[in-house]
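A short worksheet on the structure shown next.
The values are calculated or read from the model by the stated rules, or taken from the named source; none is laboratory data. Quick caveat: nothing in here was measured; it's all calculated off a predicted structure. Note: ideal-geometry Cβ built from the backbone for every residue, glycine included; neighbour counts use all protein chains shown. These area figures cover heavy atoms from the full protein model, side chains too; ligands, DNA and RNA do not enter into them. Shrake-Rupley method; radii C 1.70, N 1.55, O 1.52, S 1.80 Å.
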Amino acid sequence: MPARIDLNCDMGESFGAWTMGTDTEVLASVSSANIACGYHAGDPAVMRRTVRAARDAGVAVGAHPGLPDLLGFGRREMRVQPADVEDMVLYQVGALAALAAAEGVRLRHVKAHGALYNMAARDVSLASAIARSVAAFDRDLLLFGLAGSVLLEAGRDAGLRVASEGFADRAYEPDGSLTPRSRPGAVIDDPGRVVERAVRMVTQGRVTATDGSEVALQVDTLCTHGDTPGAQALVRRLRAGLESQGVAVRPAWDRTGA
């Protein structure tokens, strides 16, 4: 298993007068930032401000495109056609790339958000649509996807480098999928459990599912969520726990596929 891991966080999810997360504080502990692109959260000012903060913190910047659902925060599944998904992802990645360029920053990765991410993890047509849009924009971008999912396969088929993602603060089902947020216990907020699970994923390649079974998974990057209560302290403790086990935290874009 790797002696290094990327620690990524979803952020830039404030919108207008609505504030979500503690991005500046979280940036001190992560190596990659997935910045919302205005569909599920974020707006142009928030996007540019978050890019600037990530740049100043030395954190890799990636696009976090989602479904057009501000009200549901992009976590509600929608009936969408692959062609529409391809255009929506391309539109969002392009918007963030433009704002990033204005700040002297190059995008390094793309990670779909919420319902779009989970739908693409199991639907080959949606996964291929996302991969096509990323490849059409920039083949040097790294595509993040759920460990063991068809999204990673679609990325490879499109000629992209991919990063297999694990979730330190989410429960897993026996088939390796994430437990739906509608179920109790889907989000793990006990810092000790989060750190323990993360270290085990990275060093042993395993995670315990909701039924007690063991799921094998290979991870290149671990996700935490900026909107989790106490995110700042949790991410800081998570990084410290990984480093205490000899795991170096580095951006995924400069290590995956090497």
Q) Out of every Cα pair in region 1-135, what percent are spaced more than 19 Å from each other? A) 47 percent
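By its C-alpha gyration tensor, with a ≥ b ≥ c as the square roots of the eigenvalues, how is region 1-79 shaped: rounded for a/c under 1.5, else prolate for a/b larger than b/c, else oblate?
oblate
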Q.
What does the charge count around Ala57 come to, taking other residues whose C-beta lies under 12 Å from its C-beta (Lys +1, Arg +1, Asp -1, Glu -1)?
A. -1
Q: Find how many whole Å separate the alpha carbon centroid of region 80-136 from the alpha carbon centroid of region 1-39.
A: 17 Å
**Q.** Cα shape, region 197-258, gyration tensor, a/c 1.5 rule
**A.** oblate
(Q) What are the equivalent ellipsoid semi-axes of the chain, built from the alpha-carbon gyration tensor (square roots of five times its eigenvalues), in whole angstrom, biggest first? (A) 24, 21, 18
Q. Of the listed peptides 46-53, 109-116, what is their order by residue-averaged count of other C-beta atoms within 10 Å, with the highest listed first?
A. 109-116, 46-53
Q.
Suppose R0 equals 35 Å. What FRET efficiency, 1/(1 + (r/R0)^6) with r the Cβ-Cβ distance, do Ala57 and Ser213 give to the nearest 0.05?
A. 0.35
(Q) What is the sum of charges, Lys and Arg at +1 and Asp and Glu at -1, for the other residues whose Cβ falls under 11 Å from the Cβ of Pro174? (A) -4
Q: Using a 1.4 Å probe over the heavy atoms of the protein chains, calculate the carbon and sulfur portion of the accessible area of the chain as a whole percent.
A: 50 percent
Q. For region 134-242, what percent of Cα pairs sit more than 24 Å apart?
A. 28 percent
Q.
To check you understand DSSP bridge types, tell me what percent of the beta bridges within the chain (both residues inside) are antiparallel, rounded to 5.
A. 20 percent
Q: Please report the relative contact order for region 11-58, taking Cα pairs under 8 Å with a sequence separation of at least 6, and give it as a percent rounded to a whole number.
A: 44 percent
Q) Applying 1/(1 + (r/R0)^6) with R0 = 30 Å to the Cβ-Cβ distance of Thr19 and Asp87, what FRET efficiency is obtained, to the nearest 0.05? A) 0.50
Q.
Residue by residue through region 20-37, what is 3J(HN,Hα) from phi via Karplus (6.51 cos²θ - 1.76 cosθ + 1.60, θ = phi - 60°)? Round to whole Hz and write x for glycine and proline.
A. 10, x, 10, 4, 4, 5, 5, 4, 5, 10, 9, 10, 9, 10, 9, 9, 4, 10
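Which whole-number percent gives the relative contact order of the chain, counting Cα pairs below 8 Å spaced six or more residues apart?
23 percent.
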Q. In square angstrom, what is the accessible area per residue of the chain with a 1.4 angstrom probe?
A. 41 Å²
(Q) If I take every Cα pair under 8 Å that is 6 or more residues apart in region 14-148, average their sequence separation and divide by the length, what percent do I get for the relative contact order? (A) 24 percent
Q.
What's the ranking of 92-98, 181-187, 134-140, 165-171 by average number of surrounding C-beta atoms within 10 Å, highest first?
A. 165-171, 92-98, 134-140, 181-187
Q: List the residues whose amide H sits under 5 Å from the amide H of Leu7, counting only those 5 or more places along or on another chain, with H placed 1.01 Å from N in the peptide plane.
A: Ser31, Ser32, Leu222, Arg250
Q.
Could you check the spin-label model distance between Arg122 and Asp157? Points 7 Å from the Cα along Cα→Cβ, value in nm.
A. 1.8 nm
Q) Given the rule -39500 (n - 2.57) for each run of at least 4 DSSP H residues, summed and divided by the residues of the chain, what is its mean residue ellipticity at 222 nm, to the nearest 500 deg cm²/dmol? A) -12000 deg cm²/dmol
Q: Select from the chain the helices, each a whole stretch of DSSP H, whose alpha-carbon atoms run 18 Å or more along the helix axis and whose Kyte-Doolittle mean is at least 0.5; answer none if there are none.
A: 82-102, 124-137
